[in-house]
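Report on the structure given below.
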Amino acid sequence: MTDQNTEAENLSKKAGELARGIMAGDQQSSSQFVNLHYRWLLFIVRKKFARVSGHEDIVQDSFLVVITKLQQGQVSNPDTIRAFLRTTAINIGYEYLRKDKKYASAVDQDSLEVFADARSDVLSSLEWDEGIKLVKQVMTELPTERDRQILTQFYFEDRDKPDICETLDLSSAHFDRVLYRAKQRLKELMQKHQDHDDVGKRPQQSKPFSTVKTSNKGPKLVSKWIHALIAWCHPQREVLAV
Amino acid sequence: MSEFQPDKTMLRHYLQNKLSPDDETQLELWLADHPEALADLELDLLMQVGVGTSENHEFNVEPQVNIMSKFLNGIAYVLAAIFMSQLIFGKYFVNDSLTFIDLDNMRGAENIMSYQINPDQDLILRFGVLTDDIYQMTVNNPEKNKSFQFFNLRPNERLDIIVKLSSNQVETGLWEVSVTGNTNTRQIIYELEIRSE
């Protein structure tokens with residue numbers, strides 16, 4: 001078995017163990033569970049509900065629902081907790097769509113004011129939005145028209161590979177290389193813009209583009225928020241630092 | 001441990017929302033165990049949304065609704081447009097050959113309702129009644145000493161009575177329209193001011 005498979009298996013086991021820990025009332029398990037899955041769940045929500053705002057509201061409420069159910073012993077199989085978490089997030093997302101209004105979080109806004117960290121996760125939303133703006137900006141600066149065409153046809157028009165190959169007169173093997181290079185050039189331009197924008201700013205200024213790849217700040221802060229939220233919902237439990 | 005391993009094509013189809021629900025679920029659960037693949041897809045998703053906006057197809061932040069809702073919304077917009085046009089244009093419709101006046105819009109109004117018409121157009125008067133009675137209508141212009149009477153008016157299935165006045169009968173000025181039922185003889189009177197375009 002490869003190292004990658006071993007790591008994957010460990011992560012899978014860890015999720016089940018953390019779920020059991022939450023069921024046993026361990027607060028640290030809750031925060032670790034959030035840290036481990038926040039980025040993954042946010043990605044799923046952003047992808048499924050790309051055209052709506054409030055992704056992080058959906059994610060946070062999903063964690064709240066799942067952790068509460070674990071604490072109340074309402075989850076029969078902790079080893080499938082991620083499937084349950086994913087389904088919960090999708091259902092909450094669709095509930096938002098059906099209601100045709102801004103998502104109504106399970107916790108009222110006045111209560112959220114109590115927690116200083118509650119708003120910290122907004123930063124990652126801003127970073128995401130800035131990243132989108134950056135892509136939009138550098139798309140116009142790509143050196144070749146074919147880069148723009150292949151990126152647009154693949155990412156926006158959702159066209160099939162054979163269709164794009166025919167339009168741009170590419171072979172199947174050539175398609176992967178052209179798409180890869182176009183993405184690389186887009187990434188380089190984004191990085192260049194980011195570096196340029198950072199001149200004169202504080203060194204610790206966040207980088208939307210690089211954050212997507214490396215930042216782990218959002219999950220930690222949100223985990224704190226979830227922790228505080230759980231403590232608020234269950235005041236009899238001791239709140240542990242994340 | 002699952003032996004599932006998505007290939008490039010599957011990942012591409014995932015980004016383009018072309019996977020079956022089962023495959024999508026399997027892939028997304030697999031991503032939870034593969035942070036590197038997740039990071040790559042995050043970047044792809046960012047590009048996907050960014051490229052979409054760069055094509056001047058701004059993403060709508062309003063939640064999506066199903067087709068029936070869209071259809072009903074469409075009808076609502078049309079009805080709203082009709083309502084607004086009635087408010088703006090004096091509660092009548094105009095096409096190339098006739099003017100439609102809905103007398104029901106006048107009920108409860110304190111002032112005389114004023115309509116601007118084209119002298120070449122016929123005039124259609126509609127009013128609603130409460131019972132399936134036989135009615136008669138008198139359209140009278142005392143200033144110009146003109147009067148038209150319509151008898152044996154029977155309401156349609158929607159309890160509407162529709163009367164047509166030809167363009168050569170209609171003149172500008174103040175008109176009084178009275179409606180009386182054969183059984184219920186209470187007279188309903190409408191006052192219309194007809195102006196020329």
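Looking at segment B:1-27 only, could you name the residues that are touching a residue at least 12 places away in the same chain (Cβ under 8 Å) and assigned to a helix (DSSP H, G or I)?
B:MET10, B:LEU11, B:TYR14, B:LEU15, B:ASP23, B:GLN26, B:LEU27
In this structure, is B:ASP40 in a helix (DSSP H, G or I), surrounded by fewer than 16 Cβ atoms within 10 Å (Cβ to Cβ) and at pLDDT 90 or above?
Against the criterion (in a helix (DSSP H, G or I), surrounded by fewer than 16 Cβ atoms within 10 Å (Cβ to Cβ) and at pLDDT 90 or above), B:ASP40 does not qualify.
Yes or no, residue by residue, for (1) closer than 30 Å to B:GLN16 by Cβ; (2) in contact with a strand residue (DSSP E or B) (Cβ under 8 Å, 6 or more places away or on another chain); (3) at pLDDT 90 or above:
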{"site": "A:SER31", "(1), (2), (3)": "no, no, no"}
{"site": "A:TRP40", "(1), (2), (3)": "yes, no, yes"}
{"site": "A:PHE49", "(1), (2), (3)": "yes, no, no"}
{"site": "A:PRO78", "(1), (2), (3)": "no, no, yes"}
{"site": "A:GLU95", "(1), (2), (3)": "yes, no, no"}
{"site": "A:ARG98", "(1), (2), (3)": "yes, no, no"}
{"site": "A:SER105", "(1), (2), (3)": "no, no, no"}
{"site": "A:GLN109", "(1), (2), (3)": "no, no, no"}
{"site": "A:PHE115", "(1), (2), (3)": "no, no, no"}
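Do we have any residue at all in segment A:10-18 that's more than 22 Å from the chain's Cα centre (by Cα) and either within 16 Å of A:THR80 (Cα to Cα) or more than 8 Å from every other protein chain (Cβ to nearest Cβ) (or both)?
yes
The values are calculated or read from the model by the stated rules, or taken from the named source; none is laboratory data. In this text the structure is predicted, and so the values were computed from the model without any measurement. Because the Cβ atoms are built from the backbone with ideal geometry, glycine has one as well, and the counts that use them run over all protein chains shown.
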